[in-house]
Amino acid sequence: MAKAAVQFACTECGYSAGRWFGKCPGCNAFGSLVEERPPDPKRPQAKPLLRLVDVSAEESARIPSGVPELDRVLGGGIVPASLVLVGGEPGVGKSTLLLTALGAIAASGRRALLVTGEESTAQVKLRAARLGGTDQVEILAETELETVCATLERERPDVCVIDSVQTLYAQELGSAPGSVGQVREAAARLLRVAKEAGVATILVGHVTKDGAVAGPRVLEHLVDCVLQFEGDRYHAHRVLRATKNRFGSTNELGVFEMTGAGLVGVPDPSELFGKTLPGEIGAAVACTLEGTRPLLLEIQALVAPTDLAMPRRVGTGVDPKRLAMIVAVLSRHAGVALGSADVFVNVAGGLRIDEPGADLAIALAIASAARGAPVRDGLVAFGEVGLTGRLRVAAQSERRLEECAKLGVAAAVAPKGTRSRSSLVLREVETLREAAGTALERVAPAGSSQNPRK
Ligand SMILES: Nc1ncnc2c1ncn2[C@@H]1O[C@H](COP(=O)(O)OP(=O)(O)OP(=O)(O)O)[C@@H](O)[C@H]1O
Ligand SMILES: [Mg+2]
């Protein structure tokens, strides 16, 4: 019999080759290639086929997780027999969130199991005591993949959380836990158990420095949903996003606050983050769209004179390239000179903005800081800034305007062509210069109060 080919796979990027390299040709990491022995191939067995018409499609009801923000991100609850991957940086609160959910699921009469490989049962008990309401959750402290799968097949809980997938190991693979081969094998085997035994399985995965789920990207292809749990260590707020969802829309967003008693959902983040003080210089409110959810977010900017040859442009929660572009457009097309000033931009609550619809508010916050004139009270801005200084209509403007109206916003400034059906005043502007003219209050004459009000 031919000798099984030995493969070497990179633990960072998943690159695989027939020989070992000191430096991974895929991602240039050093010493990251590990040996991967393929499991013995079994003799394949043919299976009978079905016609789609004969498939019984009783759309089984979703399992409410008991955490409304989590349900929203999942698209309305946990789908039975699905496989969900939850990624997040260390300490962001993955275990806390999932233990809370398991507690609620168990309390509703379903069976909820926590497989803990990272923490001892006593450590989980400590967290459970802090969170409360988790008495009925079953627990298994195990890292051996075979044992976990066998237990799942026998017990068949409704929902099972594996904390974390990187701690599981299959003995026959021979590589270390957390290596590409192990993680892939664990996910593949759990996927099979999830589908066959009808166990909705949630895998906790660690993320690398770049924010991707550690181990192979292939994990993301295997699972039904990929959720990212993000948050600034220095802020109490955490954001849960779906980056892939086979049963619902992606880019949904759930906002939580970390408190002593666990994670508390923030059902209306716009109320919390979407407010500026009247007359405050360097602050603007953006209406961004996260998935299907419009969000009002305060953007703060500081413009400070500098002697540096290359002034700093520092953005927290905004893409640095986008920030540099907005600063350049402001200087070139809107008459806001920033060539000898440092520019700092911050998004309220430690949230991150990815979409270009927030450009206009970022630009207005910077213009306000540079000119020392506040943005008009109760004004919300959204729209994409183009390189020519012209504004482009942001996607789904009607949705955004509805959210503004719901929160009692008086007026919005948006690019020309934005359609509105809501009752709030819409100031349509064509260029960034015009937007700054419309949105900013008149600058107080020199010598008057530092904080000019209307
Ligand atoms: N008593 C407490 N009061 C407030 N917050 C707490 C308390 N205890 C823990 N936390 C918060 O919980 C976080 C840890 O949560 P958790 O263990 O769920 O994170 P995790 O994502 O599972 O981490 P890991 O990747 O290490 O498993 C801490 O960073 C801290 O912010
Ligand atoms: Mg944990």
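The values are calculated or read from the model by the stated rules, or taken from the named source; none is laboratory data. Here the structure is a predicted model, which means the values were calculated and not measured. Glycine gets a Cβ as well: all are built from the backbone with ideal geometry, and neighbour counts include every protein chain shown. Accessible surface is based on the protein model in full, side chains and every heavy atom, while ligands, DNA and RNA are left aside. Shrake-Rupley method; radii C 1.70, N 1.55, O 1.52, S 1.80 Å.
Please go through the stretch 265-286 and pick out each residue that is modelled with pLDDT of 90 or more, of a type in the set (A, V, I, L, M) and open to solvent by 40 Å² or more (accessible area, probe 1.4 Å). 281, the sole residue that qualifies. Comparison of 252, 230 shows that the only residue that is acidic (Asp, Glu) and away from ligand 2 (no atom under 16 Å from the Cβ) is 252. Residues considered: 85, 70, 102. Of these, the only one that is touching a Leu at 6+ places or on another chain (Cβ under 8 Å), within 30 Å of residue 179 (Cα to Cα), within 16 Å of ligand 1 (Cβ to nearest atom) and not in a helix (DSSP H, G or I) is 85. Select from the stretch 305-327 the residues that are touching a residue at least 12 places away in the same chain (Cβ under 8 Å), under 32 Å from the mean Cα position of the chain (by Cα) and over 28 Å from residue 407 (Cβ atoms) and list them in ascending order. Correct list: 311, 312, 313, 314, 325, 327. Within the stretch 89-103, is there a residue that is away from ligand 2 (no atom under 16 Å from the Cβ) and open to solvent by less than 80 Å² (accessible area, probe 1.4 Å)? No.
Among the residues of the stretch 115-126, are any open to solvent by less than 30 Å² (accessible area, probe 1.4 Å), polar (S, T, N, Q) and either away from ligand 2 (no atom under 13 Å from the Cβ) or closer than 13 Å to residue 199 by Cα (or both)? No: zero hits. Could you say whether any residue in the stretch 179-189 is out of contact with any Lys or Arg (no Cβ under 9 Å at 6 or more places or on another chain), surrounded by 20 or more Cβ atoms within 10 Å (Cβ to Cβ) and outside any helix (DSSP H, G or I)? For the stretch 179-189, residues out of contact with any Lys or Arg (no Cβ under 9 Å at 6 or more places or on another chain), surrounded by 20 or more Cβ atoms within 10 Å (Cβ to Cβ) and outside any helix (DSSP H, G or I): present. Taken together, the criteria exclude residue 137 from residues that are buried (at least 19 other Cβ atoms within 10 Å of the Cβ), more than 16 Å from ligand 1 (Cβ to nearest atom) and more than 24 Å from residue 247 (Cα to Cα). In this structure, does residue 124 turn out to be modelled with pLDDT under 95, within 12 Å of ligand 1 (Cβ to nearest atom) and part of a strand (DSSP E or B)? So residue 124 fails the test.
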